[in-house]
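Please read the structure below before turning to the comments.
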Amino acid sequence: MGSMQRTIDWADGAVVIIDQTALPREFRLLRLETVDELISAIQRLAVRGAPALGAAGALGVALSALRHGGDVGAVEADAERVARARPTAVNLGWGVRRALAKLPGGPESVLAEAKAVLDEDERTNRQASANAAELILARCPRRPLRLLTHCNAGRLATVGWGTALGVVWHLHEAGQIEYVLADETRPLLQGSRLTAWELAEAGVPYRVLPDSAAASAIARGMVDCVVVGADRIAANGDVANKIGTYPLALAADRHGVPFVVVAPQSTVDAELPDGAGIVLEERADAEVTSAGGTPVAPAGAKAFNPAFDVTPAELVLAVVTEHGRFP
Ligand SMILES: CSC[C@H]1O[C@H](OP(=O)(O)O)[C@H](O)[C@@H]1O
């Protein structure tokens, strides 16, 4: 995973993102020049993933500050709208607050802080995923390793490198990966669209599987370790992550398979005592009742479409950040 196009970046006065709604069929960049365009891209998951959302939050404040200059009220109002674009990933609000804190120094100070968020992210994720890879090698005796992951916690979920897939890159470079099983991750298919695209690009052997097959793969002894990302980690180690993570943790626990969460420290919400208080985003019925824009369920069908679930700390072998195990 050498130096590549950043998932999200700043160029010539605008935010530039890889449009993740187009992958894997098309690799295209989107130029976002206004706060409204950025909010839309976040809500459409054109840019997504907790660390990438942290960068998006900071850059959104920079877009506003450069447009509104000294109008603090206008920038604060924009910052609030960006922070509310999606409720679960703590990183979005964290990035907004980091950039907003520099507003007294003027727009260029805000932009400098947003760029610092961008520059820190890959280094942080490389360290967090290296720490997790070391723990997995120590805990799982089988060589080479067979990992299962959920959703996309690769470079596309960050500014660069990735978290759960960052572990894969470290282990693959060391010749320690037999294969990766990638949950397709309904309904938006971040696994079969984005994780598979990253694994193919990196030359890592992989298979995509229905989310409903993951527990059977674990039960049949096909998995040495489950490794996932996170969107918000409470002070006690409860983890909010993509819907379908909790049942994975239950199956892993039932079969004695290590379940490891990898995230930067910016994904920890230290003010939240446990996972009960995490707001879990609910998304549109149509994401469930249609496929690729074609209705599947009968007209008028309603859906239950939470984008995240909470895995209790007791089911998690370790949450690993750039600082090591948390808490
Ligand atoms: C490295 S954080 C990735 C995290 O974010 C994803 O959610 P979404 O695709 O809705 O942004 C998913 O929960 C991943 O584990």
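The values are calculated or read from the model by the stated rules, or taken from the named source; none is laboratory data. Nothing here was measured: the structure is a model prediction, and the numbers come from that model. Remember, those area values only see protein heavy atoms, side chains included, never the ligands or the DNA or RNA. Shrake-Rupley method; radii C 1.70, N 1.55, O 1.52, S 1.80 Å.
Below 22 Å, Cα to Cα, which lysines can Lys102 reach? Residues fewer than 8 away in the same chain don't count. Cα-Cα hits under 22 Å: Lys115.
From the alpha carbon centroid of the range 38-58 to that of the range 188-229 is 23 Å. Taking all protein chains as they are arranged and a probe of 1.4 Å, the heavy atoms of His150 leave approximately 0 Å² accessible to solvent. When nucleic acids and ligands are ignored and a 1.4 Å probe is applied, Glu173 ends up with an accessible area of around 120 Å². Remark on Leu209: its backbone amide H falls under 5 Å from those of Ala182, Asp183, Glu184, a criterion applied only to residues 5 or more positions apart or on other chains, H modelled at 1.01 Å from N.
Globularity index of the range 1-69 is 1.08 (Cα radius of gyration / 2.2 N^0.38 Å, N = number of residues).
Just the Kirkwood number for the range 8-121, please: inverse of mean 1/r across all distinct Cα pairs, in Å, one decimal.
Hydrodynamic radius (Kirkwood, Cα pairs) of the range 8-121 is 13.5 Å.
Couplings for the range 315-327, taken from phi via the Karplus curve 6.51 cos²θ - 1.76 cosθ + 1.60 with θ = phi - 60°, read 9, 9, 4, 7, 9, 10, 10, 5, 9, x, 6, 10, x Hz in order; Gly and Pro are left as x. The 3J(HN,Hα) values that the Karplus relation (6.51, -1.76, 1.60; θ = phi - 60°) gives for the range 208-224 are, in residue order, 8, 9, x, 3, 6, 8, 5, 4, 5, 4, 5, 5, 8, x, 8, 10, 8 Hz. Gly and Pro appear as x.
Taking a 1.4 Å probe, which of His323, His172 shows the most accessible area, and what order do the others take after it? It would help to have the intermediate numbers written out before the result.
Working: His323 140, His172 60 Å².
If we order His323, His172 from most to least accessible, we get His323, His172.
Each stretch of four or more DSSP H residues adds -39500 (n - 2.57); spread over every residue of the chain, this sum gives -11500 deg cm²/dmol at 222 nm.
With θ taken as phi - 60° and the Karplus curve 6.51 cos²θ - 1.76 cosθ + 1.60 applied, the whole-hertz 3J(HN,Hα) list for the range 249-256 is 5, 4, 5, 4, 5, 4, 10, x Hz, x standing for glycine and proline. Accessible area per residue for the chain, computed on protein heavy atoms with a 1.4 Å probe, is 40 Å².
If the chain linking Asp12 and Ala138 were pulled fully straight, counting 0.36 nm for each residue of separation and taking away their Cα-Cα distance, it would gain 40.8 nm. Under a 5 Å amide H cut-off, with hydrogens placed 1.01 Å from N, Phe308 pairs with Ile243, Glu281 among residues at least 5 apart or on other chains. Out of every Cα-Cα pair that the chain contains, those further apart than 33 angstrom amount to 22 percent. So for the range 139-325, what percent of the C-alpha to C-alpha distances run longer than 22 Å? Result: 45 percent of Cα pairs exceed 22 Å.
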